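A quick write-up on the structure given underneath.
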Amino acid sequence: MTDSRASDASTSSTDARPLLAGVMGWPVAHSKSPLIFAHWFAETGIAGSYTRLPARPEDFAEALRALPEAGFRGVNVTIPHKLAALERADEASDAARAIGAANTLRFDADGRILADNTDGYGFIENLREGAPNWTPAAGPALVLGAGGAARAVIHALLEAGAPTIRLANRTRARAEALAAHFGSRIEPVDWAARAAAIGGAATSFNTTSLGMTGNPVLELPLDDAPATALVTDIVYAPLETPLLAAARARGLATVDGLGMLLHQARPGFRAWFGVDPTVTPALRRAVLAVQP
Ligand code: ATR
């Protein structure tokens, strides 16, 4: 695997392949990506097709290999294939390699697989849209959670200039592993000390699944949060999580997690179909309309 700026190359207008892409996962029935792409096809007038591609883990490599030959321009990859997607790629972007996983694959005309990870991009674009005055460099960030989503968020925050990232995870060893991977700007924090760690934190992000409908609530007292703090949540069902509701009640700036999902899809659309699509209130409504 060699270095490449996999997401930068846009589709050539002379590309004769069908306007075909999809999402690989297992299961993949609940993926929102087909809805997002259908909305953008209708909005841009591009007569593309974006399909769900269920693939068991043991079938992933073979299924992936078949897609360029079947005329696909690329695919999104979701759980549980994000690590395997990076391993199977011929080239990978800096983001995919730093995060250690891929969610967006582009196939070139020779069938080579170019991997990118757009989760961190989606995360930052969501905050720039939802909190235009937000400056990542303004102070330390607090990140809760140390799973795959946290890796993308941490990478994006470091790139965006966050001076330090306090990383609180229930299992401290996972936070320490990420500190070893991402370097000395990551400061592992005990899960029990998370409320104190919000003191002086310019930005606080939940990347755990706590607060999602059906899951326990994230307990995070906000008493020590600076009045200028921005609070955001990767969870978007419900759209206003208990964490965001508590932050809003204290007068803190908040951004919900739906935009991250929507913005992370843009680079794939651009790479495969040659147009940078927009995230609009109508797209948000279309996606929310089918939420469980
Ligand atoms: P993802 O790749 O989507 O981030 P993950 O790798 O399963 O998913 O990570 C889920 C995160 O939520 C982890 O940080 C997890 O903490 P652990 O590393 O200790 O497992 C966190 N999480 C899940 N349930 C939790 C709970 N009840 N209390 C605290 N943290 C929890």
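The values are calculated or read from the model by the stated rules, or taken from the named source; none is laboratory data. Predicted model, so just to flag it, every value in this text is computed and none were measured. No Cβ is skipped: glycine too gets one built from the backbone with ideal geometry, and neighbour counts run over all protein chains shown. Please note that ligands, DNA and RNA were not included when accessible areas were found on the heavy atoms of the full protein model with its side chains. Shrake-Rupley method; radii C 1.70, N 1.55, O 1.52, S 1.80 Å.
Things worth noting here:
- Looking at T208, T164, just one residue is at pLDDT 95 or above and away from the ligand (no atom under 14 Å from the Cβ), and that residue is T164.
- Residues of the range 229-247 that turn out to be more than 16 Å from the ligand (Cβ to nearest atom) and either aromatic (F, W, Y) or over 18 Å from A195 (Cβ atoms) (or both), as a count: 3
- Residue in the range 62-78 that is part of a strand (DSSP E or B) and not aliphatic (A, V, I, L, M) present: yes
- Qualifying residue in the range 235-246 (condition: touching a residue at least 40 places away in the same chain (Cβ under 8 Å) and surrounded by 20 or more Cβ atoms within 10 Å (Cβ to Cβ)): no
- Contacts under 6 angstrom Cβ, first residue in the range 177-206 being touching a residue at least 24 places away in the same chain (Cβ under 8 Å), partner open to solvent by 10 Å² or more (accessible area, probe 1.4 Å) and acidic (D, E), 6 or more apart: I198/D224; G199/D224
- Those residues of the range 211-228 which are under 22 Å from T164 (Cβ atoms) and within 16 Å of the ligand (Cβ to nearest atom), in sequence order: L218, L220, P221
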